[in-house]
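One structure is given below, encoded as structure tokens.
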Amino acid sequence: MRAQDIEQLLPEIEELRQLLAACSTEGIVGACFGYWIRRDSASDHEGLTSAYRQWAFLLGLMLTTAEPSEQRAFGEAEFDRSRALLEKIFRAYGWAYFPEAGEGVTDEWRRSAEVAMPAFLAYFNQGFLASPVQVEQRIRRYLAPFDGELRAEFGISATQAVEVCRWISDRLQATADTLRETTKREKGARLDLLDRAESEHWDMERVRAEANVPAYRDLAISLIQSIREMSFVSLTDLTARFGEGTATAFWSLFSAKRGDVAALTYPTEANPAEERSLYVIEPERAMCSLANQLFLAVLNRFERHLSTSKERKRFFSKRDDLLEQEVEASFRALLGPTAAFFPQVFETSAQQHEHDLVIRLGRVALVVEAKASPPVEPFRDPEKAFVRIRRAFKSDRGIQHAYGQGRRIWRRWAAGGRVELYDDREHLVCAFDKSDVDEVVLIAATRDNFGVLATDLSLLLEKEHGEPYPWCVNAVDLDAIADAWNYFAWDADRFLRFLRDRVKLHGRAMCSDELEMVGSFIAHDGLHWLLERAADLIWLTPDYSEVFDKICMARMGGAPVKYEPHPPYFGDFRESLRQGKAVALEATAERPQKRQGRNERCACGSGLKYKRCCGK
């Protein structure tokens with residue numbers, strides 16, 4: 001960021017810090033807990049564009065202040081002001097990638113900004129986009145093999161830590177369920193009492209007396225108790241369940257006391273709240289604002305340690321192997337038993353030119369190359385960031401290299417040559433040419449989410465004219481896609497239909513996450529609508545990925561997800577900005593007419609809230 005942009009952030013950050021300094025920890029963390037409950041139950045995003053990271057930054061700032069002696073409630077007014085400040089602070093990073101008035105804009109500057117800006121915002125704003133189950137799976141898959149080293153260093157292993165997280169998560173869920181049920185019962189009893197008061201013409205003294213009888217009084221007390229215990233975690237309870245050693249080690253690693261954090265100023269700095277997600281209220285008693293944050297804290301803390309410890313080389317090597325296994329398992333679930341899998345094969349019997357996974361599915365071959373290295377942290381300056389991002393993209397651990405590896409097979413096949421693949425025992429396990437295979441699809445599978453750099457490969461990928469783009473997907477999204485295919489009982493042919501159209505959309509359609517693209521395929525029974533539309537660029541709205549959240553909830557006993565494809569709605573983005581409302585393009589589907597909540601994303605597809613769009 002420019003120096004003046006950084007300076008402009010400081011007043012908002014300090015105002016937010018002072019606001020938090022006057023409020024109790026219990027009130028602040030309780031508001032965060034309540035936010036996630038409301039958001040999950042009502043899809044109400046309450047104006048936060050990067051909710052997880054924004055709440056984490058707020059909690060991190062809270063930890064830099066002492067518990068106030070005269071505490072102020074963190075009520076609606078405090079939350080609204082905090083929300084406004086968070087939005088201003090986080091959006092400032094995006095504005096830093098736009099030119100100032102009078103600043104010369106060259107093609108080189110524009111190219112740097114269009115790559116650096118989405119990479120920067122994705123790196124610092126998105127966080128790890130995964131369900132608690134997927135985070136838990138990642139801990140068990142990638143960290144559990146190093147349990148011995150972690151236990152020796154911290155007194156607790158990854159397996160033990162995730163078991164503690166699961167126990168706390170279940171307790172928090174039980175508390176929320178109890179609160180929901182108690183609230184429902186108390187409301188029914190209160191309404192019955194008021195109905196009787198009205199019909200029998202009670203005076204206020206009689207109302208107070210009836211409210212104090214055990215039938216209603218006990219319900220009210222139970223409700224108050226449920227609210228007070230909501231989101232609390234006790235070290236005594238942890239010790240009783242897991243023993244003193246494990247409980248104490250977990251508490252020491254993942255709890256934070258207010259005032260213990262010396263400094264935190266900018267959202268781009270290392271934030272202790274992302275590695276310590278239990279906030280101490282009093283000795284041996286803390287609050288947890290979000291169960292998923294517990295699992296993420298374990299993942300972040302232990303991965304950071306292993307990445308910098310003497311075990312780093314073994315950790316990176318194991319990480320590569322485990323990613324290949326994870327990707328193979330997802331494709332097996334996705335493609336079914338008719339597909340033939342050839343992992344870790346070579347182009348020669350002398351083990352030259354390795355390929356992570358080749359799949360034969362009828363007359364189609366899929367070449368999958370896996371890369372486990374995470375995205376690099378972008379610099380604040382667009383030009384410097386562009387150079388660093390491009391270098392990482394083209395490195396031997398980057399997406400460009402994965403494409404180059406797979407392209408070797410495609411080129412040989414396209415030239416009419418015969419592809420031969422050998423295992424590590426020099427046995428020929430797979431061979432094909434154009435008489436056997438009609439198409440070769442290239443896939444780059446990453447462990448982490450690369451955002452727009454992966455969903456629109458035209459930004460950085462170098463390829464010859466006429467050569468195909470690969471499909472780039474991260475392991476978490478691939479797992480969710482396989483689960484969706486299984487949920488709808490779809491076959492491999494439908495997935496191939498998706499792939500064939502998907503790889504044609506680089507440079508034509510953009511989205512921040514691959515699940516948005518797959519979600520649009522599910523919503524509209526294909527991607528043909530994107531290919532047929534005459535437009536410079538089509539941007540998919542984030543709500544397309546919500547189908548995967550709904551499937552996850554259905555798996556846990558929620559409402560079933562119906563497959564109901566419908567025509568898409570196209571809006572003119574430039575004209576919508578100019579007029580301040582959603583403007584449809586001609587020859588587009590009618591805007592959905594479902595009943596809308598004021599804070600829900602507008603059904604027109606604009607990406608705005610209903611109250612700021614068609615509900616104006």
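The values are calculated or read from the model by the stated rules, or taken from the named source; none is laboratory data. Predicted model, so just to flag it, every value in this text is computed and none were measured. Backbone-built Cβ (ideal geometry, glycine too); neighbour counts: all protein chains shown.
Of the helices (runs of 4 or more DSSP H) lying entirely inside the range 467-545, those containing at least 3 residues that are of a type outside the set (K, R), in contact with a helix residue (DSSP H, G or I) (Cβ under 7 Å, 6 or more places away or on another chain) and farther than 15 Å from I443 by Cβ are 475-487, 514-524. Does the range 400-415 contain at least one residue that is of a type in the set (D, E, K, R), surrounded by 23 or more Cβ atoms within 10 Å (Cβ to Cβ) and either under 21 Å from F521 (Cα atoms) or without any contact (Cβ under 8 Å) to a residue 40 or more places away in the chain (or both)? The answer is no, given that none of the residues of the range 400-415 is of a type in the set (D, E, K, R), surrounded by 23 or more Cβ atoms within 10 Å (Cβ to Cβ) and either under 21 Å from F521 (Cα atoms) or without any contact (Cβ under 8 Å) to a residue 40 or more places away in the chain (or both). Beta carbons closer than 8 Å, at least 6 apart along the sequence or on distinct chains, pair a first residue in the range 165-177 that is under 16 Å from V133 (Cα atoms) with a second that is of a type in the set (F, W, Y) and part of a helix (DSSP H, G or I) for C165/F295; W167/F242; S169/F295. Pairs meeting the criteria (first residue in the range 268-285 and outside the structural domain of E303 (by TED's automatic domain parsing), second residue in a loop (DSSP other than H, G, I, E, B), beta carbons under 6 Å, at least 6 apart or on different chains) are lacking. How about the range 443-465: which of its residues are part of a helix (DSSP H, G or I) and touching an Asp or Glu at 6+ places or on another chain (Cβ under 8 Å)? Passing the criteria: A454, T455, L459.
Of all residues in the range 454-489, count the ones that are among the aromatic types (F, W, Y), farther than 30 Å from F386 by Cα and buried (at least 17 other Cβ atoms within 10 Å of the Cβ).
Residues of the range 454-489 that are among the aromatic types (F, W, Y), as a first pass: 469, 471, 485, 487-488.
If we keep only those that are farther than 30 Å from F386 by Cα as well, we get 485, 487-488.
If we keep only those that are buried (at least 17 other Cβ atoms within 10 Å of the Cβ) as well, we get 485, 487.
Of the residues in that region, 2 qualify.
Exactly one residue among F379, F386 is buried (at least 20 other Cβ atoms within 10 Å of the Cβ), under 25 Å from G94 (Cα atoms) and assigned by TED's automatic domain parsing to the domain that holds G451, and that residue is F386. All conditions but one from (1) without any contact (Cβ under 8 Å) to a residue 40 or more places away in the chain; (2) crowded, with 16+ Cβ neighbours inside 10 Å apply to Q352; the one that does not is (2). What do you reckon, is E186 closer than 28 Å to D237 by Cβ, under 21 Å from the mean Cα position of the chain (by Cα) and acidic (D, E)? So E186 fails the test.
Quick check on this structure: which one of P374, P343 is surrounded by fewer than 21 Cβ atoms within 10 Å (Cβ to Cβ) and modelled with pLDDT under 95?
One residue alone meets the criteria, P374.
With A152, A144, A119 as the choices, which residue is in contact with a Pro (Cβ under 9 Å, 6 or more places away or on another chain), small (G, A, S) and outside the structural domain of P542 (by TED's automatic domain parsing)? Write out each step before concluding.
Details: A152 fails: in contact with a Pro (Cβ under 9 Å, 6 or more places away or on another chain); A144 fails: in contact with a Pro (Cβ under 9 Å, 6 or more places away or on another chain).
Selected residue: A119, the only one of A152, A144, A119 that is in contact with a Pro (Cβ under 9 Å, 6 or more places away or on another chain), small (G, A, S) and outside the structural domain of P542 (by TED's automatic domain parsing).
Annotation note: Cβ proximity below 9 Å between a residue of the range 51-71 that is among the acidic types (D, E) and a residue that is surrounded by 23 or more Cβ atoms within 10 Å (Cβ to Cβ) (sequence gap 6+ or interchain) occurs for E67/T25.
Whether any residue in the range 293-301 is charged (D, E, K, R), in a helix (DSSP H, G or I) and closer than 17 Å to A144 by Cβ is what I want to check.
Scanning the range 293-301 turns up at least one residue that is charged (D, E, K, R), in a helix (DSSP H, G or I) and closer than 17 Å to A144 by Cβ.
In the range 189-211, the condition of being modelled with pLDDT of 90 or more, among the aromatic types (F, W, Y) and either under 30 Å from F250 (Cβ atoms) or over 25 Å from the mean Cα position of the chain (by Cα) (or both) is met by no residue. Annotation: of all residues in the range 368-413 being part of a strand (DSSP E or B) and not β-branched (V, I, T), the one that is farthest from R319 (Cα to Cα) is E369. Listed residues A509, A554, A534, A523; which is in contact with a strand residue (DSSP E or B) (Cβ under 8 Å, 6 or more places away or on another chain) and among the aliphatic types (A, V, I, L, M)? Checking each option against the conditions leaves just A509. Considering the range 262-292, and only residues there that are out of contact with any Gly (no Cβ under 7 Å at 6 or more places or on another chain) and part of a helix (DSSP H, G or I), the residue that is surrounded by the fewest Cβ atoms within 10 Å (Cβ to Cβ) turns out to be E274.
How about the range 215-248: which of its residues are under 22 Å from R38 (Cα atoms), of a type in the set (A, V, I, L, M) and either in a helix (DSSP H, G or I) or modelled with pLDDT under 70 (or both)? Those that are under 22 Å from R38 (Cα atoms), of a type in the set (A, V, I, L, M) and either in a helix (DSSP H, G or I) or modelled with pLDDT under 70 (or both): A220, L223, I224, I227, M230. Starting from residues that are closer than 30 Å to W251 by Cα and of a type in the set (D, E), keep the ones in the range 301-340 and report whichever is surrounded by the most Cβ atoms within 10 Å (Cβ to Cβ). Only one residue fits best here, namely E303. Selection within the range 1-60: residues that are of a type in the set (S, T, N, Q) and at pLDDT below 90. The member of this set that is nearest to the chain's Cα centre (by Cα) is S50. Here S157 meets the list (1) out of contact with any strand residue (DSSP E or B) (no Cβ under 7 Å at 6 or more places or on another chain); (2) under 20 Å from T239 (Cα atoms); (3) in contact (Cβ under 8 Å) with a residue 40 or more places away in the chain; (4) buried (at least 18 other Cβ atoms within 10 Å of the Cβ) almost entirely, failing just condition (3).
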